[in-house]
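Just below is one structure, and these are the notes that go with it.
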Amino acid sequence: MTSKETVDVLIVGAGASGAAFAWSLAETRMNILCLEQGPWMKPERYPTTGMDWEARSMGDFSVSPNVRQLPQDYPIHDAGSAISPSMFSAVGGGTILYAGKFPLVAAFIGPGLALAMRLAFYRLSTLLDGRVQE
């Protein structure tokens, strides 16, 4: 695609929602452009591949861009807010974070069921986090 081509659909963010939406439109005749401010991540560099996964969740794979401070991150001003975002600037978005990856589960039960389990785990952890804060 050149800079002068017209797009029919512009998707900002190649995280779970953006990537899934782009995929759902892939077989149409529309010109689709999906933009992401971060790089492609190499799965072999995910924290789950090493013994230091827990330490990395507080550093280069933190849920907070304020902690990570990678070149593609931007500061989030959440001091004094009841909401603190969990985000990652890369192709895959927040699904790249250490808590959203189950590589062995996907290998044994298939990617579809693994994704359903990941979403269920996220929902459960969100509910539990809400109870702990109350």
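Only the coordinates and a few stated rules stand behind these numbers; no lab work does. Values in this document were obtained by computation on a predicted structure and should not be read as measured data. Reconstructed Cβ throughout: ideal geometry from the backbone, glycine too, with neighbour counts over all protein chains shown.
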(message) Given points 7 Å out from each Cα along the Cα-Cβ axis, report the ASP60 to SER3 separation in nanometres with one decimal.
(response) 3.2 nm
(message) Suppose the chain between MET51 and THR28 were pulled fully straight at 0.36 nm per residue; how much longer would it get relative to their current alpha carbon spacing?
(response) 3.9 nm
(message) Taking 25 °C and 0.890 mPa s as the conditions, I'd like the Stokes-Einstein D for region 8-63 in µm²/s, using the Kirkwood hydrodynamic radius from alpha carbon pairs.
(response) 183 µm²/s
